[in-house]
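The structure appears right after this line, and notes come after that.
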Amino acid sequence: MHPIVSFFRTELKKLANPVKSAQMKAYMKNVQDFYGVPSPQRREILKEGMTRYPITTLTDYKDVTWELWNGTYREDRYMALDLSRKLKKFRIDDAMPLFVRMLKQSDNWDLVDELSVHQIGEMFLTNRKHEALAKKWATDKNFWLRRASILVHHNHRKKTNLPLLEKTIVRMMHEKEFFIRKAIGWILRQYAKTDPKWVLRFVKTHEHELSGLSKREALKHL
């Protein structure tokens, strides 16, 4: 075990809170056990651990992220995401297979959204060839991957691949799955900050195909 992983887990155990653990587990639909450590305390642990045990190579970055990801508790996975997001210099093409593997193992929005928006989505901007992944996920039987194919565009703003985003939404706007409908509305609301007229036109064009939830979310601030 890498020393930073051991440090993280030791500190998380020290701060374990059974009451908060039960609340967190219930909120996340019992997908995994929790230590019960809130994000502010987790960030302090991350900061101290990275100071004590710096990650200096891509190999260590990938090994530590994967080791944390495979921990017993949900906060182990959160620490994996926090660390991988913090060390931007290692988010390069060679790290993409790791993030894809993590995404495919994700079982709820808390993991899927973080990976889609930050780790994977931001890497799309550095190498557009990765957008082939989004095209593939848009038709996957796993609805979390379909959600990811929408949310990877979240932070792209003026660099958004609009034809791809539009095609992805149109492909899925008839779905009844809540998390897909929510993602469509969320991404449209986000893109409206860049091009509100486009979003208004899109919603008007597809007002009979888009769900009420998607439309409400899309037009929330327009």
>> Which order do the peptides 45-58, 63-76 come out in when sorted by mean C-beta neighbours inside 10 angstrom, highest first?
In response: 63-76, 45-58
> Can you give the accessible area per residue of the chain, in Å², using a 1.4 Å probe?
Replying inline: 51
> Can you work out ³J(HN,Hα) from phi for every residue in region 194-210, in order, using Karplus 6.51 cos²θ - 1.76 cosθ + 1.60 and θ = phi - 60°, giving whole Hz and x for Gly and Pro?
Replying inline: 9, 9, x, 5, 5, 5, 4, 5, 5, 5, 5, 5, 10, 4, 8, 9, 6
>> Can you tally the net charge around TRP137? Count Lys and Arg as +1, Asp and Glu as -1, for every other residue whose Cβ sits under 9 Å from the Cβ of TRP137.
In response: +3
> In straight Cα distance, which aspartates and glutamates are under 13 Å from LYS29, not counting same-chain residues fewer than 8 positions off?
Replying inline: ASP107, ASP110
> If you roll a 1.4 Å probe over region 178-222 with all protein chains in place, what percent of the accessible area is carbon or sulfur?
Replying inline: 53
> So for region 6-51, Kirkwood radius off the Cα pairs, Stokes-Einstein at 37 °C and 0.692 mPa s: how many µm² s⁻¹?
Replying inline: 300
>> If I take every Cα pair under 8 Å that is 6 or more residues apart in region 58-202, average their sequence separation and divide by the length, what percent do I get for the relative contact order?
In response: 16
> If contacts are Cα pairs under 8 angstrom and at least 6 residues apart, what is the relative contact order of region 104-182 in percent?
Replying inline: 30
>> Filter LYS129/LYS167; LYS88/LYS193; LYS47/LYS215; LYS47/LYS167 down to the pairs with a C-alpha to C-alpha distance above 29 Å, please.
In response: LYS47/LYS215; LYS47/LYS167
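The values are calculated or read from the model by the stated rules, or taken from the named source; none is laboratory data. A quick note: this is a predicted structure, and the numbers were derived from the prediction, not measured. Backbone-built Cβ (ideal geometry, glycine too); neighbour counts: all protein chains shown. Surface areas here come from the heavy atoms of the whole protein model, side chains and all, with no ligands, DNA or RNA. Shrake-Rupley method; radii C 1.70, N 1.55, O 1.52, S 1.80 Å.
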